[in-house]
Each structure stands twice: as structure tokens, then as C-alpha cells.
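Notes follow the structure.
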Amino acid sequence: LQSRPTGAGIGNYCFCIDAEGHITDRRVAEALMGLKRICREVRFLGLYPRADKEPAGLRAPLTGTSDEEFMAASDWVARCQDGRF
């Protein structure tokens, strides 16, 4: 996550986000949907291969970012929505 002043006045910034994943990944798509709902403007700049050319999946994912952890969190939200805390 990087922030840059927009030049439109004090306190006005734009933010750039680099994400690991693909827009077809549910967790990436949902993150983008969340941004689109709350941000005045969202620009999707495209999909690019990793700069280090390392194939995806060779490194262990950061804590909380694996598909399994995403699905566990999704299941937890569904249980909360159903009243099963």
C-alpha cells in the first residue's frame, strides 16, 4: 500500500495497492468490491506477472492470506449471518 498526495489540497491522497493473486480469485475480487463500495474512485490497472519471476505458490503465504484461511473466515461470516455464533 502506497499513498501519494493528489495535489488537490491538504489531506487529499490517492492510494495504490499491489496485491498477490488474480482478479478471478474470490478473495481478490471481494477486496476490490469492498474498495469500490467505499472509495470515490477505484482504477484497476491490470494484471502483471511478478517482477521476480517467482512462480506463484512456491512461498508459504503470509498468515491469514491462504485460501484455507479465507474460506474459514468466509464460513465464520456465514455462521454469524445465520445466527450461529
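Rule-based calculations on the coordinates, nothing more; no lab input. Not measured: the values here are computed from a predicted model. Neighbour counts run over all protein chains shown; Cβ positions are idealised from the backbone, glycine included.
General observations
- Taken over the stretch 35-46, the criterion of being closer than 20 Å to Phe70 by Cβ and surrounded by 11 or more Cβ atoms within 10 Å (Cβ to Cβ) is satisfied by Leu35, Lys36.
- Subset of the stretch 60-80 [under 20 Å from Ile23 (Cα atoms) and either in contact with a Leu (Cβ under 7 Å, 6 or more places away or on another chain) or charged (D, E, K, R) (or both)]: Asp67, Glu68, Glu69
- The number of residues in the stretch 1-44 being of a type in the set (Val, Ile, Thr), under 13 Å from the mean Cα position of the chain (by Cα) and farther than 21 Å from Pro61 by Cα comes to 1.
- Residues in the stretch 48-85 that are assigned to a loop (DSSP other than H, G, I, E, B) and either surrounded by 10 or more Cβ atoms within 10 Å (Cβ to Cβ) or among the charged types (D, E, K, R) (or both): Arg50, Asp52, Lys53, Glu54, Ala56, Arg59, Pro61, Thr65, Ser66, Asp82, Arg84.
- Taking each residue of the stretch 56-85 that is on the phi > 0 side of the Ramachandran plot and looking for partners that are surrounded by 10 or more Cβ atoms within 10 Å (Cβ to Cβ) with beta-carbon atoms closer than 9 Å, six or more apart or interchain, yields Gly64/Phe70; Gly64/Ala73.
- Restricting the first member to the stretch 37-51 and to residues that are within 15 Å of Ile17 (Cα to Cα), and the second to residues that are part of a loop (DSSP other than H, G, I, E, B), the beta-carbon pairs closer than 7 Å and six or more apart or on different chains are Leu47/His22; Leu47/Ile23.
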